[in-house]
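Quick notes on the structure that follows.
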Amino acid sequence: MEKLKYEKPVISKITAGVPNKFGLSAKQKIISEIDGIPVSKLMDEYGSPAFIISEKTIRDTYAEAKRAFETRYPKVQFAWSYKTNYLDAVCSIFHDEGSWAEVVSGFELEKALSNGVNGSNIIFNGPEKSEEDLTLAINHNACIHIDHFDELYLLIETTRKLNKKARVAIRVNLDAGIYPIWDRFGFNYENGEAWNAINRIMLAENLEMIGLHTHIGTYIMVASAYAIAATKLSNLYMAIHRKFDHWLKYIDLGGGFASKNTLKGAYMPGSETCPTFDEYAEAISNAIISSEIPHENLPVLFLETGRAMVDDSGYLLTTVIANKRSTLGRRTMVIDAGVNLLFTSFWYNLGVYPSKEVSSHVEESTIYGPLCMNIDVIRDAINFPSSKVGDQLVIERVGAYNMTQWMQFITFRPNVVLIDLEGKTHIIRKKENLDSLQSFEMNPKR
Amino acid sequence: MKNNTLSYKQILSSILNSYSQVFFSSSKLLAAFLILISFFDYGAGMGGLIAVLIANSLAWVLGYNKYLLSSGLYGFNALLVGLGVGILFEPSMQLFLLVAISAIICFFLTIVFQGVLGKYGLPFLSVPFLITIWIVELSGVNLTALNISERGIFVYNELYALGGQHFVDFYDFLENNITSSFLRIYFHSLGAIFFQAHLLAGIVISLGLLIYSRITFVLSFLGFSVAYLFYNIVGIEFDSLGYTFIGFNYILTAIAIGGYFLVPGRVTFGWVIVLLPTVVLITISTQQIFLMFKLSPYSLPFNMVVLMFLYALKLREQRPKHLVETPVQLGKPEKNLYLHSGNTKRFPSAYPISASLPFYGEWTINQGHNGEHTHKGAWRHAWDFVITDRNGKQFKGSGDFHEDYFCFGKAVLASFEGTVVEAINDIPDNIIGDINTKNNWGNSVVIKHAEYIYSKVSHLKYHSVEVKVGDIIKQGQIVGRCGNSGRSPYPHLHFQFQATPYIGSTTIDYPFGHFLLKEENKYSLKTFEIPQKDQIVANPSKNEMLKNALHFIPGQRLKVTVEVESDKDKWQKQAGTFTWLVETDVFNTTYIRCEKDGALAYLHNNGDLHYFTNFIGAKNSALYWFFITLFKVPIGFLPNSKISDSIQLNMMFGGVLKFLQDFISPIYLFLKVDYNLNIKDAGGILSSGDIEMSALITKKIIGRKVKEFNCELKINQQAEFDITINFDQTNIKILCQNEL
Ligand SMILES: Cc1ncc(COP(=O)(O)O)c(C=O)c1O
């Protein structure tokens, strides 16, 4: 029999019996396995920390999103937003499900092409596109979403040099009732800048205008904002038809659906408050269908959903390194995964859970990462049961942005492991080592 | 140039076809046989020819439809009259005058009956002839300047006059050697159609029939045998048929019903057997009546029974599976059968509307036709649709609330264009588990799409119906939202086709025009099929590029360049650069005509599918290869999908094999041509980039593959077709572009 866990005695204010708004605090949630594989086994095999990605969750989430839209709108196409998670294995799952690629740089464009995505199934967004990038995009017949006039001029110039046609759309920024308005990207709708750009493009010889794009922001918590955006793009779509007798092929509403993570400062958990795919889909589909567009000319609806599509599938396994008490008497805990791996910890109150049965007593604690930097705080304040050094913890909903925005800082970046549909595990990105990092370095001989 | 000119070819075919049309045929060879035997009797032959010329000239001068004219439809009744009158009297100027007058009467009767019966979609058969010949016969005794013919009594004299001693000997030989009274009367009856009273005429006609169509030949025997049997069973003296012009009624009825107006098959053959005794009875009884006027009923029994039967069939309410009227009359039972055997669903007339599924996205059929819950009896041809997740569940959470159900509130669409004839909107949704048996159907919309084709969607969400009675709506337009009203314990969409406009109407067995069937993450396109329980189905979306390329518009000109690599001269002949024209015929059917070799390829495009229906011309025409490669092409966007069909076997088989096949074709087809189209690249959801497909055409004998044709097809943004066909050591390349 294992020795009973020793719990250090502490004195704390009694809160039991005084229910807060949501009643008594629920039983401590435990994540002991992922897709049927025990957390301890995963850590034995792949070390700590380690990112784990569930293929099943990705596919289920994709199917749910797809069903939500396709049962409401006749022509829907998702484009996987590379920046959210561009590990090849992850992208491949999305492409296998039928997703196009949405990229925002030459690098991402090359990555999508190397993943075998047909160039004409790539949407090229972003404010920074060099002549080189544009050339690559044109040669692969990608859909280029123009961000500003200078890009438009460069693109016209490039098509002329190549003597080739480019398929283009413009990114539109608009007031969808969301604050702040992301007006730094694309052409503004309300002041007529977008209409201006459209007129120039329609007259440009080598540009084939095929769509309209907007991305109103990220983690948008009101579905109705999309209805406003969709209506405005539908208006432009009809205006183009009226003036140029030209039907565009698609309307792209970008990404931005909230994932189930809880924003810092939110009163209620995100899983309760964020709209579901169904709610976003209902708002968008109704707006386009009830616009002036005749139903036989409805455009294809593109979505570049990122975080809502992949957040749930990612877990970070980590180990308790130390338990401390702060000078104010607050319980603190150091774990072996820091903010360098968890970029989203700056926005979210990430869910951190034990992997084994623990005592029912929880105490408000702070969880620090292993970095020797003051900012390395994973959770400021979390009710957490006591745990001892070596305890294995699971941080959930970390599939989006972390594996792209992470930093190699002080430590190596860990293994990323995929659990496939059969429950087999695969390393999809190896833990870094000294060699791999030094391989880019050059030390001038002195 | 005057618009009303006739080419020499049209004149000739209008004459020849007036002869072969008597057997519902347009075979020139058969016509030659028939003209020959008509002149076995000079008076009849001349009378017939004069009558044909007069009727056809009238049709031409008065400006009737030239297509029908050259098909012989205006001439064949007059021909019969001419023959009949010509044989009644001795040849003389007066006789030919009488023939001319009768032909004029007959022509106008033809026009009248064409109009009257045509309204009911019925043929006029030989009704005009009947009336005319009776008119002439009844006045006959008073026409004293005309001598009643005594021919037929001195057969040998006449034969001698025709062909000398050898001919007489030959005839003698036949007379002495054909002793079976069955055969003799059969030949006599056949000859009697042309008012010829001797064996030889019947023999020549039956030979002509055999060469023209095996099915017709078999039917002529079948009809006659059944009559013969019936005569024997009920004890009517059969030999009497030998000297009355009556027996052909059995033959013609059998041909008309067994093979011509209906697509031949076991069932039509069965009905020939059932109906013939009726024809016998009508024949016997009308003979009694007509005897009082010293008249013969001639083909009256045939006309009565065929018209009655065809009319009765037209009034069927359920879409027929058997006894299908020939959708496109190709003028030959075999051709009609082969065209029909491939895929009956191709015919626009078989399915006047091509309905799509009434929703967006993938739905699951929860209850299909003849379902175990409510789709029973008169309401058995209906579907219940729901949405399920990957695990087959219809709801999330506990399923206690409407909103838990994936289908609840989803748009419900018009499956085809039409007019709203019923719209109910104010029945509340049941709470989950309850049903409303007072308003069984709940909120519903009934749309009229065509005569006798309505669709109904039911159990819609309370106050979600967006259309009202009288609204004219388009296919795919939203009519309401899926709900839980009426006899519906949980949200689902009920859909049915019906023949009448009421909420409670019973269902008809009618298919969806096109849908995708999900099979393990792959899709196959189904056309005019009934989706089954538990299947997951969705609407295909159209490929704009393909839609444009396959939209052949009358007046369009296509420039065709053909290159051939082959050691056979036959194939090399089609090489070159020439033009194809898109045109329409009198029936408004679109076809492509090759300017070089005159080949025709008939096509149809129902908006979802392009298909070729028929090809007329030689196999070494590039158009033939275009026809088989693009035999059936869906316009829906579907990479990695397949569509299958079979090409009518007479397009690819010939010679002895086909001759043998013809005989047993209504019973069993041992020859088959499979068509499999594989869509490799369909340009994506934006319809951009080239479309690539390959068609594999396989000739089979009793299921065994004997030859394969590989056709690669590329269509680009400019709607250019690039086709490569490979078989044996031959390679044919066809490039087809719009001529500007
Ligand atoms: C243009 C564009 N599309 C899509 C996305 C993905 O957004 P999200 O992860 O919020 O769905 C982003 C993210 O910033 C973006 O900039």
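Using a 1.4 angstrom probe and counting only protein chains, how large is the accessible area of B:SER26 in Å², to 10?
Here the accessible area works out near 60 Å².
Name the shape class, rounded, prolate or oblate, that the alpha-carbon gyration tensor gives for chain B, where a ≥ b ≥ c are the square roots of its eigenvalues, rounded holds for a/c under 1.5, and otherwise prolate holds if a/b is larger than b/c and oblate otherwise.
prolate
Once you have a ≥ b ≥ c as the square roots of the Cα gyration tensor eigenvalues for the range B:1-129, tell me rounded if a/c is under 1.5, and otherwise prolate or oblate according to whether a/b is larger than b/c.
Rounded shape, in that the Cα axes give a/c under 1.5.
Treating the beta-carbon of each Lys and Arg as +1 and of each Asp and Glu as -1, no other charges, what is the dipole magnitude of chain B about its Cα centre, to the nearest 20 debye?
The calculated dipole for chain B is roughly 520 debye.
Counting other Cβ atoms within 10 Å, keep those with at most 13, restrict to DSSP loop, and tell me which trypsin sites (Lys or Arg not before Pro) in the range A:74-164 are left.
Within the range A:74-164, the qualifying trypsin sites (Lys or Arg not before Pro) (loop, at most 13 other Cβ atoms within 10 Å) are A:LYS164.
Counting only protein heavy atoms and rolling a 1.4 Å probe, how much accessible area do B and A lose on contact, total for both sides, in Å² to 100?
Counting protein atoms only, the buried area is about 2000 Å².
Relative contact order of the range A:294-446: what whole-number percent is it, with Cα pairs under 8 angstrom and at least 6 residues apart?
Working: 257 pairs, mean separation 38.8, N = 153.
Reported relative contact order: 25 percent.
Rounded to the nearest 10 degrees, what's the angle between the helix A:149-162 long axis and the longest principal axis of chain A, both from Cα atoms, 0 to 90?
Compared with the principal axis, the helix lies near 70 degrees.
Counting pairs of alpha carbon atoms under 8 Å apart in space and at least six apart in sequence, what relative contact order in percent does the range A:55-311 give?
Relative contact order comes out at 20 percent.
Normalised by the residues of the range B:502-561, what does the relative contact order come to in percent, with Cα pairs under 8 Å and at least six apart? Numbers along the way, then the final one.
Details: 51 pairs, mean separation 15.9, N = 60.
Relative CO of the range B:502-561 lands at 26 percent.
Largest first, how would A:GLU279, A:GLU108, B:GLU520 line up by accessible area (1.4 Å probe)?
B:GLU520, A:GLU279, A:GLU108
Once you order the gyration tensor axes a ≥ b ≥ c over the Cα atoms, which shape class does the protein assembly as shown get: rounded for a/c under 1.5, otherwise prolate or oblate by comparing a/b with b/c?
Judged from the Cα gyration tensor, the protein assembly as shown comes out prolate (a/c at least 1.5, a/b above b/c).
Using protein chains only and a probe of 1.4 angstrom, how many square angstrom of A:GLU110 are accessible, to the nearest 10?
110 Å²
Based on Cβ point charges of +1 for Lys and Arg and -1 for Asp and Glu, what charge dipole magnitude is obtained for the range A:55-311 about its Cα centre, in debye rounded to the nearest 20?
It comes to approximately 260 debye.
Determine ³J(HN,Hα), in whole Hz, for all residues of the range A:312-321 in sequence, where each value follows from phi through the Karplus function 6.51 cos²θ - 1.76 cosθ + 1.60 and θ = phi - 60°; x replaces Gly and Pro.
Ordered by residue, 3J(HN,Hα) equals 4, 7, x, 10, 10, 8, 9, 10, 6, 9 Hz.
Leaving out ligands and nucleic acids, and using a 1.4 Å probe, what accessible area per residue does the protein assembly as shown come to in Å²? Could you put the intermediate results ahead of the total?
Details: 51150 Å² over 1186 residues.
Each residue of the protein assembly as shown exposes 43 Å² on average to a 1.4 Å probe.
If each DSSP helix of 4+ residues adds -39,500 (n - 2.57) and the sum is divided by the residues in chain B, what number results at 222 nm, nearest 500 deg cm²/dmol?
It comes out at -11500 deg cm²/dmol, rounded to the nearest 500.
Could you let me know the centre-to-centre spacing of the range A:67-121 and the range B:193-221, using Cα atoms, in angstrom?
One Cα centre to the other: 71 Å.
Give me the percent of the accessible area of the protein assembly as shown that comes from carbon and sulfur atoms, probe 1.4 Å, all protein chains in place.
On the way: 28760 of 51150 Å².
Roughly 56 percent of what the probe reaches on the protein assembly as shown is carbon or sulfur.
Towards the positive end of the charge dipole of the range A:55-311, with charges on Cβ (+1 Lys, Arg; -1 Asp, Glu), say which of A:HIS148, A:THR276, A:SER290 has the farthest Cα.
Highest projection toward the positive end goes to A:SER290.
What is the Cα centroid distance between the range B:634-705 and the range B:383-418, reported in whole angstrom?
The two parts, judged by their Cα centres, are 37 Å apart.
Which positions within the range B:400-415 get 40 Å² or more of their accessible surface covered by the other protein chains, compared to the chain by itself, with a 1.4 angstrom probe?
In the range B:400-415, residues shielded by partner chains: B:LYS410.
Each residue of the range A:77-94 in order: what ³J(HN,Hα) in whole Hz does its phi give by Karplus 6.51 cos²θ - 1.76 cosθ + 1.60, θ = phi - 60°, with x for Gly and Pro?
Running phi through 6.51 cos²θ - 1.76 cosθ + 1.60 with θ = phi - 60° gives 9, 8, 10, 6, 7, 4, 4, 5, 6, 9, 4, 3, 5, 6, 4, 4, 5, 5 Hz.
Does any residue of the range A:293-312 lose at least 20 Å² of accessible area with all protein chains in place compared with its chain alone, and if so which ones (probe 1.4 Å)?
A:HIS295, A:GLU296, A:VAL300
Assign unit charges at the C-beta atoms only (+1 for Lys and Arg, -1 for Asp and Glu), then state the dipole size of the protein assembly as shown relative to its Cα centre in Debye, rounded to the nearest 20.
Result for the protein assembly as shown is approximately 600 debye, rounded to the nearest 20.
Taking amide H positions as placed in the peptide plane 1.01 Å from N, state which residues far from A:GLN77 in sequence (5 or more) or on other chains have amide H under 5 Å from it.
For A:GLN77, the qualifying residues are A:LEU301, A:PHE302, A:LEU303.
If you add up the charges near A:LYS424, with Lys and Arg at +1 and Asp and Glu at -1, over every other residue whose beta carbon is less than 14 angstrom from its beta carbon, what do you get?
-3
Distance from the Cα centre of the range A:273-325 to that of the range B:558-575, in angstrom?
The distance from the Cα centre of the range A:273-325 to that of the range B:558-575 comes to 57 Å.
Put simply, what bits of the range B:358-379 lose 50 Å² or more of accessible area when the other protein chains are there, versus the chain on its own (1.4 Å probe)?
B:TYR360
Tell me, what is the 1.4 Å probe accessible area of B:TRP441, in Å² to the nearest 10?
Looks like 50 Å² after rounding.
Could you check what % of the DSSP bridge pairs in the protein assembly as shown are antiparallel, to the nearest 5?
On the way: 150 of 188 bridges.
Taking every DSSP beta bridge with both residues in the protein assembly as shown, the antiparallel ones total about 80 percent.
Just to confirm a number: summing +1 for Lys and Arg and -1 for Asp and Glu over residues other than B:GLY397 whose beta-carbon lies under 13 angstrom from that of B:GLY397, what do you get?
For residues surrounding B:GLY397, the net value is -3.
Could you point to the residue in B:PHE406, B:TYR510, B:PHE89 farthest towards the positive end of chain B's charge dipole, with +1 and -1 charges on the Cβ of Lys/Arg and Asp/Glu respectively?
About the Cα centre, the residue reaching furthest to the positive side is B:PHE406.
Under a Cβ-Cβ cut-off of 12 Å, what is the net charge of the residues other than B:PRO634 that fall near it, where Lys and Arg count +1 and Asp and Glu count -1?
The answer is +3.
Kindly give the semi-axes, whole Å and largest first, of the ellipsoid equivalent to the range A:55-311, taking each as the square root of 5 times a Cα gyration tensor eigenvalue.
28, 22, 17
For the residue pair A:ARG160 and A:HIS426, what label-to-label distance in nm results when each label sits 7 Å from Cα along the Cα-to-beta-carbon direction?
Those two pseudo-labels are separated by 4.7 nm.
Do the sum for chain A: with -39,500 (n - 2.57) for every DSSP H run of n ≥ 4, divided by all residues, what is the mean residue ellipticity at 222 nm, to the nearest 500 deg cm²/dmol?
So the helix-based figure for chain A works out to -8500 deg cm²/dmol.
Give me, ordered by chain and number, the residues 5 or more places off B:GLY480 or on other chains with an amide H under 5 Å from its own placed amide H.
The answer is B:VAL412, B:GLU466.
Amide H to amide H, which residues 5 or more places from B:PHE615 or on other chains are under 5 Å from it, using H placed in the peptide plane?
Excluding prolines and chain starts, which carry no amide H, the hits are B:TYR602.
The values are calculated or read from the model by the stated rules, or taken from the named source; none is laboratory data. No experiment lies behind these values; they were computed from the predicted model shown. Counting neighbours? That spans all protein chains shown, and the Cβs are built from the backbone with ideal geometry, glycine included. Accessible surface areas use protein heavy atoms only, side chains included; no ligands, DNA or RNA. Shrake-Rupley method; radii C 1.70, N 1.55, O 1.52, S 1.80 Å.
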